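Asker: Here it is, the structure in full.
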Amino acid sequence: MALLIWPCVVQADAITDITTAAAQAFARMPQVKIVDQIAGECGANGAVDPRVAYCTTGNIILVATTARGLPQTPYLLGHAFGHAVQVQHGIADFALREIRNRPTDEVMLRGLVERQVDCVAGFLVHRAGLPELDLADLFDDDPLTNPHWGRDPLRIGPVAVVALDARAQWFARGQQGDIAACAPGEFTGMGLVRALQN
């Protein structure tokens with residue numbers, strides 16, 4: 001059984017707050033689908049993150065019912081929306097071109113993609129009016145070492161391991177509310193600034 005959360009839903013919880021903030025900030029944001037389990041959806045299996053995943057094929061973010069109410073969920077959902085912003089506004093295309101042109105730099109480039117997504121997640125937490133979060137208080141290590149976004153089948157989605165302190169730094173940067181600050185290395189924030197609706 002699945003439940004779709006639309007941006008106009010009035011229920012006050014972190015999932016609704018982040019979803020609403022994303023839809024108000026950026027065009028073409030995915031629907032959020034609450035599912036009993038992510039495995040079995042969009043080609044996901046047990047290797048895919050079991051809490052939150054973004055299926056680019058259907059432009060849907062999957063959230064497991066077990067993730068509702070967890071203190072980590074605002075970050076995880078914001079992170080999924082960060083990937084959606086990159087995909088829907090051409091930033092992911094730029095990153096993929098760079099990865100294909102410079103395969104020896106793939107690990108570094110994927111790390112930059114993840115840092116920018118973490119910053120967007122922080123920006124969305126800020127826009128949603130949620131209290132600031134410190135990832136070091138929520139996780140002991142990199143929380144996203146499994147595939148958590150990509151086309152169907154999700155089980156072969158890209159993976160980039162990023163140190164928790166780096167994720168926490170970029171997430172905290174986003175929570176300051178300036179999307180232009182989400183510019184790690186070669187990935188400027190200009191694409192995000194152009195994508196921002198207001």
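The values are calculated or read from the model by the stated rules, or taken from the named source; none is laboratory data. Just so it is clear, the structure is predicted and the values come from calculations on it, not from any experiment. Cβ sites come from the backbone with ideal geometry, for glycine too, and all protein chains shown count toward neighbours. Calculation scope for accessible area: heavy atoms of the full protein, side chains included, ligands and nucleic acids excluded. Shrake-Rupley method; radii C 1.70, N 1.55, O 1.52, S 1.80 Å.
Asker: Going through the DSSP H helices of the chain, which span 24 Å or more along their own axis at the Cα atoms while scoring at least -1.0 as a mean Kyte-Doolittle hydropathy? Don't skip to the answer; put the middle values down first.
Answerer: On the way: long enough: 106-127 (31 Å, 0.45).
Helices meeting the criterion: 106-127.
Asker: Contact order normalised by length for the stretch 90-198, with contacts defined as Cα pairs under 8 Å and 6 or more residues apart; what percent is it? Working shown, then result.
Answerer: Working: 140 pairs, mean separation 35.6, N = 109.
Normalised by residue count, the contact order of the stretch 90-198 is 33 percent.
Asker: Same structure again: Averaging sequence separations of C-alpha pairs under 8 Å and six or more residues apart, then dividing by the length of the chain, give the relative contact order as a whole percent.
Answerer: Details: 385 pairs, mean separation 47.8, N = 198.
Relative contact order of the chain: 24 percent.
Asker: Then there's this: Quick one: if you stick a label point 7 Å off each Cα along the C-beta vector at residue 188 and residue 140, how many nm between them?
Answerer: In this crude label model, residue 188 to residue 140 measures out at 4.3 nm.
Asker: If each of residue 165 and residue 97 carries a label point 7 Å out from its Cα toward its Cβ, how far apart are those two points in nm?
Answerer: About 3.5 nm separates the two model spin labels.
Asker: Still on this structure, I have one more. Given the stretch 54-124 reduced to its alpha-carbon atoms as identical point scatterers, what log10 I(q)/I(0) does the Debye formula return at q = 0.17, 0.28 Å⁻¹?
Answerer: Log10 I(q)/I(0), no solvent term: -0.67, -1.22.
Asker: Among 22, 80, 181, which one moves the most in a GNM of the chain with springs linking Cα atoms closer than 10 Å?
Answerer: Its mean-square fluctuation being the largest, the pick is 181.
Asker: OK, next. Just to be sure I understand: with springs between alpha-carbon atoms less than 10 Å apart, which residue in 77, 109, 124 has the highest mean-square fluctuation in the Gaussian network model of the chain?
Answerer: The residue that fluctuates most here is 109.
Asker: Next question, about the same structure. For the stretch 139-186, what relative contact order do you get, as a whole percent, if you take Cα pairs closer than 8 Å and at least 6 residues apart?
Answerer: Numbers: 36 pairs, mean separation 13.3, N = 48.
Relative contact order, the stretch 139-186: 28 percent.
Asker: Assign one of three labels to the chain, namely rounded, prolate or oblate, based on the Cα gyration tensor with a ≥ b ≥ c the square roots of its eigenvalues; rounded applies when a/c is under 1.5, prolate when it is not and a/b is larger than b/c, and oblate otherwise.
Answerer: Numbers: a/c = 1.35, a/b = 1.13, b/c = 1.19.
In terms of gyration-tensor shape, rounded.
Asker: Which residue, 163, 92, 180, has the most motion in a Gaussian network model of the chain that connects Cα atoms within less than 10 Å?
Answerer: 163
Asker: Roll a 1.4 angstrom probe over the protein heavy atoms and tell me the percent of accessible area of the chain that is carbon or sulfur. Could the numbers behind the result be given before it?
Answerer: Working: 4650 of 8840 Å².
Here it works out to 53 percent.
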